[in-house]
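Some notes on the structure that comes next.
We did not get these values from a lab; they are worked out from the coordinates using the rules stated. Keep in mind it's a predicted model, so treat the numbers as computed, not measured. Here the Cβ is made from the backbone with ideal geometry for all residues, glycine too, and neighbour counts use every protein chain on show.
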Amino acid sequence: TRKNQESLQGVMDIEIKQLPLERFDEMDALFDMSSVADFRENRLKSLKAGNEICLIALKDNVIIGEISIMVQGINIPEAVIPNKRVYLFGFRVKEEHRNMGVGKALLANAISLCMKRGVFQFTVGVEKDNKRVKRLYESFGFITAGENYVEMCNGKPNKFDLMLLQTRK
């Protein structure tokens, strides 16, 4: 259909690559890092230490989406097993670019990058009421692996389920 062709064309104009640290501050266009205490400092430290890899989607050299891969150092023990299982998070696409395949492209690229590095298990945290993103993860083969996790964010509980994708036994 015409709409699908337009969506496909939109994705073809997207470049996905690893976030250069000198462009880190541009990530505020996706998420105001100052809205969570110490978030900016902790995230930058994690990126510099190699504990996290951030992939970005660019359209006309403007960041329109991101997904991060936590390879170690997360406070959910079963979410990451170094060199075996990673935690995908910070999955964001600017509203005006949603439903065009940008999220699918980011997720597919993150999984592909990890598989090339010998990692075949992936976890994600999904808020119970976020049915749209849960369907996206399920379309990739993720299953619910644990329910009712709670993470404190600025003194408020953030409840989510943990989903798992195992691409190889």
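With θ taken as phi - 60° and the Karplus curve 6.51 cos²θ - 1.76 cosθ + 1.60 applied, the whole-hertz 3J(HN,Hα) list for the stretch 58-64 is 10, 10, 6, 6, 10, 6, 10 Hz, x standing for glycine and proline.
Dipole size in debye (nearest 20) for the stretch 49-169 around its Cα centre, Lys and Arg Cβ +1, Asp and Glu Cβ -1? Numbers along the way, then the final one.
Working: 18 positive and 12 negative charges, 74 e Å.
Charge dipole of the stretch 49-169: 360 debye, to the nearest 20.
With both residues required to sit in the chain, DSSP beta bridges show an antiparallel share near 90%. On the basis of the beta-carbon distance and an R0 of 41 Å, Thr167 and Ala37 show a calculated FRET efficiency of 0.70. Which pairs, out of Lys116/Lys156; Lys17/Lys156; Lys48/Lys104; Lys94/Lys156, put more than 31 Å between their alpha-carbon atoms? Pairs exceeding 31 Å: Lys116/Lys156; Lys17/Lys156. Enter the Cα centre distance for the pair the stretch 131-161 and the stretch 70-101, rounded to the nearest angstrom. That distance is 11 Å. Annotation: amide H of Ala57 within the under-5 Å range of Ile64, Gly65, Glu66, sequence separation 5 or more or interchain, hydrogens built in the peptide plane. Full extension of the segment from Arg98 to Leu113, taken as 0.36 nm per residue of separation minus the current Cα-Cα distance, would add 3.2 nm.
Can you tell me how the chain classifies by the Cα gyration tensor, rounded, prolate or oblate, using a/c under 1.5 as the rounded cut? Rounded, because the longest to shortest axis ratio a/c is under 1.5.
Maximal additional length on extending the Lys45-Ile76 stretch stands at 9.3 nm, based on 0.36 nm per residue less the C-alpha distance.
Tell me the net charge near Ile56. Cut-off is 14 Å between Cβ atoms, Ile56 excluded, with +1 for each Lys or Arg and -1 for each Asp or Glu. Write down the numbers at each step before the final one.
Working: positive: Lys17, Arg23, Arg43, Lys59, Arg92, Lys94; negative: Glu15, Glu22, Asp25, Glu26, Asp28, Glu52, Asp60, Glu66.
So the surrounding residues net to -2.
Remark: the stretch 132-144, residue by residue, has Karplus-estimated 3J(HN,Hα) of 5, 6, 4, 4, 4, 4, 4, 5, 8, x, 5, 10, 5 Hz, where x stands for each Gly or Pro and the curve is 6.51 cos²θ - 1.76 cosθ + 1.60 at θ = phi - 60°. Adding -39500 (n - 2.57) for every DSSP H run of four residues or longer, then dividing by how many residues the chain holds, sets the calculated 222 nm ellipticity at -8500 deg cm²/dmol.
Applied to the stretch 48-54, the Karplus parametrisation 6.51 cos²θ - 1.76 cosθ + 1.60 on θ = phi - 60° returns per-residue 3J(HN,Hα) values of 5, 6, x, 6, 9, 10, 10 Hz, with x for Gly and Pro. Extending 7 Å from the Cα toward the beta-carbon at both Asn61 and Glu26 defines two label points whose distance is 0.8 nm.
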